[in-house]
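Note sheet for the following structure.
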Amino acid sequence: MSPSPAELFAAALDRGPLYLRAEDRSRRELPLEQWLGPLGRADAGVLDRAVGPVLDVGCGPGRHVLALALRGVLAVGVDVTPAAVRYARARGAPVFRGSVFAAVPGVGHWRTALLLDGNIGIGGRPVELLLRLRQLLQDNGRVVCELDPPGSPTRSELVALEDVEGVRSVWFAWARVSVGGVDRTAARAGMEVDELWQQDGRWFATLSGAHHTVSNSICTASV
């Protein structure tokens, strides 16, 4: 029987590395060192745009939640992976274990939701995920998400985690949203892109409810 993704992730926290296997047989290494390490410049630029209270969806080991707390910004993380939650709590990050599609405290009171490190793909249904976040956010709240680069496909697929020995988890649904596909994805959830930017090779966007009149802007951060 194949292990669960949570089991492989827990093992990788101790011994790494960890890979993501796609349906087309492609495999890419997941950036565990980035997730476990100090905040990078691109992450810091994202957090400059995060107004509290902040909900970090799929917070993993909690580096963004911890960094926001050190800035004095109220932030809470949520993740379904027990090992990630334990690791985050051991670092002092306030996180809870659960799914964003299940019971979440503070419904209607969050001002910013983070979907970083590809977490707009959670559940393989990015439109439904954004609709859920609109339920959790204040009317003037916004989502800050990380995207695949221009030219990448926007699609849902089945993926699996895989360790260095080739042990593979059960397959699960995931989605990828690119710079070229974010406008359509946001619009289907009744949202619009307020800002689109890149730094250190990573792409990000802020999204808000479409009833807000905000001018779109595209900027490139200096390297």
- For the chain, share of DSSP beta bridges that run antiparallel, in % to the nearest 5: 60
- List the trypsin sites (Lys or Arg not before Pro) within the stretch 1-62 that fall in a DSSP loop (any state other than H, G, I, E or B) and whose Cβ has at most 14 other Cβ atoms within 10 Å. ARG25
- Message: How large is the direction-averaged shadow of the alpha-carbon convex hull of the stretch 43-129, in nm²?
- Response: 5.3
- Listed residue (LEU161, PHE96, VAL80) projecting farthest to the positive dipole end of the chain, Cβ model: PHE96
- Query: Is the stretch 99-220 rounded, prolate or oblate when judged by the Cα gyration tensor, a ≥ b ≥ c being the square roots of its eigenvalues, rounded requiring a/c under 1.5 and prolate requiring a/b larger than b/c?
  - Reply: oblate
- Item | Average accessible surface area per residue within the chain, 1.4 Å rolling probe, Å² | 47
- Task: On each of the three principal axes of the Cα atoms of the chain, give max minus min coordinate, whole Å, ordered largest first.
- Result: 51, 38, 38
- Nearest-20 debye value, the chain charge dipole, Cβ charges on Lys, Arg, Asp, Glu: 340
- Query: Where the centroid of each part is defined by its Cα atoms, how far is the stretch 133-148 from the stretch 37-61 in Å?
  - Reply: 13
- Give the carbon-plus-sulfur fraction of the accessible surface of the chain in %, rounded to a whole number; probe 1.4 Å, heavy atoms of protein chains only. 52
- Item | Protection proxy ranking of 157-167, 138-148, 69-79 - average other beta-carbon atoms within 10 Å, highest first | 138-148, 69-79, 157-167
- Computed over the stretch 1-142: relative contact order in percent, which uses C-alpha pairs under 8 Å that are six or more apart: 19
- Rounded to the nearest 500, what is the chain's calculated 222 nm mean residue ellipticity when only DSSP H runs of at least 4 contribute -39500 (n - 2.57) each, over all residues? -7000 deg cm²/dmol
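The values are calculated or read from the model by the stated rules, or taken from the named source; none is laboratory data. Bear in mind the structure is a predicted one, so any value in this text is a computation, not a measurement. Every residue, glycine as well, gets a Cβ built from its backbone with ideal geometry; the counts of neighbours run over all protein chains shown. What goes into the accessible areas is simple: the full protein's heavy atoms, side chains included, and nothing from ligands, DNA or RNA. Shrake-Rupley method; radii C 1.70, N 1.55, O 1.52, S 1.80 Å.
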